[in-house]
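Shown next, in structure tokens, is the structure this report addresses.
The values are calculated or read from the model by the stated rules, or taken from the named source; none is laboratory data. None of the values given here were measured: they were computed from a predicted structure. As a convention, Cβ positions derive from the backbone with ideal geometry for all residues, glycine included, and neighbour counts pool all protein chains shown. Quick note on the areas: whole protein, heavy atoms, side chains included, nothing else; ligands and nucleic acids left out. Shrake-Rupley method; radii C 1.70, N 1.55, O 1.52, S 1.80 Å.
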Amino acid sequence: YDETPVQPDHRSARIPDHDRQIYAVGTSWTPVENWTFDLAYNRIEIGETTFDATGRFNDRVYGDYTGEADLIAISATKRF
């Protein structure tokens, strides 16, 4: 769980940040002595938040925001 540092008064349409849940899992495999292969998966889920602001030209941006991201990392290491 990662609590957002952005306070509601400072949210913008560009960064409608909110609290998020982060899940991660990874593994390593060493098939021979000098080689290691790594695999990792992360999922980030950003909670729903409402944004409502009026600009200086009386323009209004209103909406509900949510988001998610899936990250996959693969690496190989050779030791000399």
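Of note:
- Among (1) free of Cβ contacts under 8 Å to residues at least 12 places away in the same chain; (2) surrounded by 10 or more Cβ atoms within 10 Å (Cβ to Cβ); (3) of a type outside the set (A, V, I, L, M), the one test that Arg60 misses: (2)
- Taken over region 48-57, the criterion of being open to solvent by less than 60 Å² (accessible area, probe 1.4 Å) and in contact with a strand residue (DSSP E or B) (Cβ under 6 Å, 6 or more places away or on another chain) is satisfied by Thr49, Phe51, Ala53.
- Checking each residue in region 14-39 for being farther than 24 Å from Thr4 by Cβ and among the aliphatic types (A, V, I, L, M) picks out Val32, Leu39.
- Enumeration of residues in region 14-47 that are hydrophobic (A, V, I, L, M, F, W, C) and open to solvent by 50 Å² or more (accessible area, probe 1.4 Å): Ile15, Ile22, Ala24, Val25, Trp29, Val32, Trp35, Phe37, Leu39, Ile46
- Filter result (open to solvent by 100 Å² or more (accessible area, probe 1.4 Å) and in contact (Cβ under 8 Å) with a residue 40 or more places away in the chain) within region 67-80: Arg79, Phe80
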